[in-house]
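Below is one structure, written out as structure tokens, with a few remarks after it.
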Amino acid sequence: MTTALIGVIVLILLIISFVPNYRAMKSAKEQGSNATRATIIVGIDIILIVLIIVTLLLKYM
């Protein structure tokens, strides 16, 4: 149960960090500036979120 709790906490923290990063990426693209840094951060956030969800699903199936 502790592993699941840690996974859920990390998942919540990743989602919380994903939202402002996505907004920064979106606003940078709207302004026409280079949004490479924000795009990379958003991509890493998404990959980590997917990996944690898959890990939790595989652990408890």
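Each reported figure results from applying straightforward, stated rules to the coordinates on display, with no laboratory input. Note that the structure is a prediction, hence the values are computed from the model and not measured.
Compute for region 2-59: radius of gyration divided by Kirkwood radius, i.e. Rg/Rh, restricted to C-alpha atoms, rounded to two decimals.
Result: Rg/Rh = 1.11.
Tell me, what ³J(HN,Hα) does each residue in region 26-38 have, in order and in whole Hz, if you take phi through Karplus 6.51 cos²θ - 1.76 cosθ + 1.60 with θ = phi - 60° and put x for Gly and Pro?
5, 5, 5, 5, 5, 7, x, 8, 6, 10, 4, 4, 5
Full-extension gain between ILE15 and GLU30, please, as 0.36 nm times their residue separation minus the C-alpha to C-alpha distance.
Contour length minus Cα-Cα distance gives 3.2 nm.
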